[in-house]
1. Could you work out [θ]222 nm for chain B from helices alone, using -39500 (n - 2.57) per DSSP H run of at least four and dividing by all its residues? Round to the nearest 500 deg cm²/dmol.
2. Each residue of segment B:59-73 in turn: what ³J(HN,Hα) in whole Hz from Karplus with 6.51, -1.76, 1.60 and θ = phi - 60°, glycine and Pro shown as x?
3. Mind putting a number on the dipole of segment A:7-219 about its Cα centre? Charges go on the C-beta only, +1 for Lys and Arg and -1 for Asp and Glu, and I need it in Debye to the nearest 20.
4. Let me spell out the model: positive unit charges on the Cβ of Lys and Arg, negative unit charges on the Cβ of Asp and Glu, origin at the Cα centre of the protein assembly as shown. What dipole size does that give, in debye rounded to 20?
5. Counting other C-beta atoms within 10 Å, and keeping those with at most 16, which DSSP coil chymotrypsin sites (Phe, Trp or Tyr not before Pro) do you find in segment A:1-98?
6. For segment B:2-242, what is one quarter of the convex hull surface built on the Cα atoms, given in nm²?
7. When only DSSP loop residues count, what trypsin sites (Lys or Arg not before Pro) in segment B:76-145 have their Cβ near at most 10 other Cβ atoms within 10 Å?
8. Could you compute Rg(Cα) / (2.2 N^0.38 Å) for the protein assembly as shown, with N its residue count?
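What follows is calculated from the coordinates using simple rules that are stated; it is not laboratory data. This structure is a prediction, so every number in the text was calculated from the model and none was measured. Glycine gets a Cβ as well: all are built from the backbone with ideal geometry, and neighbour counts include every protein chain shown.
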Amino acid sequence: MHQWDFASVLANREALLVGAIGTLRIFAICLVAGLSLGFIVGLGRYSRNRLFYWPATAFTEFFRNTPVLVQILWFYFALPILVPFSIGPLAAAAMGISLNSAAFSAEIFRGGIQSIDRGQWDGARAIGMTAGQAMRRIVLPQALRRMTPALTNRAIEIFKMSTLASAVAYVELLQQGKLIASLNFNPIEAYTAVAVIFFVCLWPLVQLTYVLERRLGRSE
Amino acid sequence: MTLLSLRGITKRFDGKPVLAGIDLDVARGERIAILGASGSGKSTLLRCVNFLELPDEGSVALDGETVGRRERELTRVRQRIGMVFQQFNLFPHMTALDNVMEGLVTVRRVAKAAARERAERELARVGLADKAAAYPAHLSGGQKQRVAIARAVAMDPELLLFDEPTSALDPELVGEVLGVIRALADEGRTMLLVTHELGFAYHVATRVIFLAEGRIHESGAPDEVLKAPRRERTQAFLRRHKEFSL
């Protein structure tokens, strides 16, 4: 029977804190970059203009159907050979995760916008709105409300995907957990601690999005 | 004086002609009721007037100026034409007041306070001053349609288009909406009204046109077209409509 002993983990709490900050940093970057790019790609997928539609579709299909881990490794080990500058672990991991998230969230944005009744466009255009105004003022606010659960899922996914950055030795929670486990021979406690920290960080965030969803749903 | 002039408007959907060459002149102050069987192109005609559908051929002139096809021109023309839809198309994420303010603030760039005042006046005019803070989901069909009318009228349109404004309403709610439209008619506003309410068309319209197969089949004063139609298809249409009336 294993004797649980978290003393060796607690002794390394500073290393875990550094890891948590690394995790939050890459999460923030990928959340903003992934969802913004996803929105733009989603608009391209929604567009009837081939000039926008085809590149957006190619992008989505490519990054949806290749593993994030492979992308990260590719950006870290392969890309620097092809381009004249070096790419750090953070940049490589952030690119892989952001592009993958963009591809998935693009489909959420496209679907959300498409789900809004055509009559809403009619109503907006009939009072003289431009297409941009109709999108910004009428369609997008309604679409975003419908997309909130799916986008929340995306955000959770991004948070957890950040652990893949450990593959290129980016300092985040899992990387620090690995380090602690190998130095103290306590993989059970170290990885348990990492899992618990993830849960403790994510669960309250998810609860917050439920509150947000309820507030957005107030007009129904 | 001619406000709206349609020449040779045609529209096909998937190759099937819906409008097959419509010529129509509308003078200021005229109220034209558009009748026709379902599929005769009534709604499409209305939607071609403010370019929610782009006609395949033909021209639309407003106030003597032919409207081009550039997006900017279409947007400007739509600002001068109000439209009320069968399904209301209110913005569900906004209160009744915000629905009416939206065009003023976003399109007309009216200051918030002035827009609010104007919107409150328009809501009061359709009898919904007390519903300003309500979201569309909490309004009856008749109330929704009255908000939609207030939203259109708030933009000071030179022409109002009504696309079967009472067809989606429970019978007991039709009256309140027709009352509001009637009041607008009494102000001398120019209107195109697609409707199945023949009695209302008779009392409110200054002219009635009957569409069949994408063309104006018969046109004239309400007394002529509705009481003594000359063409057989118009007669058959009216017979069907009157079959069960009292």
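1. -10500 deg cm²/dmol
2. With coefficients 6.51, -1.76 and 1.60, one gets 10, 10, 10, 10, 6, x, 9, 5, 7, x, 9, 6, 3, 4, 5 Hz.
3. 860 debye
4. On the way: 55 positive and 44 negative charges, 97 e Å.
So the dipole magnitude of the protein assembly as shown works out to roughly 460 debye.
5. For chymotrypsin sites (Phe, Trp or Tyr not before Pro) across segment A:1-98 that sit outside H, G, I, E and B with at most 16 neighbouring Cβ atoms in 10 Å, the list reads A:W4, A:F6, A:F85.
6. 13.0 nm²
7. Values: sites: B:R76, B:R78, B:R80, B:R108, B:R109, B:K112, B:R116, B:R118, B:R121, B:R125, B:K131, B:K144; in loops: B:R108, B:R109.
For trypsin sites (Lys or Arg not before Pro) across segment B:76-145 that sit outside H, G, I, E and B with at most 10 neighbouring Cβ atoms in 10 Å, the list reads B:R109.
8. Against the empirical 2.2 N^0.38 Å value, I get 1.33 for the protein assembly as shown.
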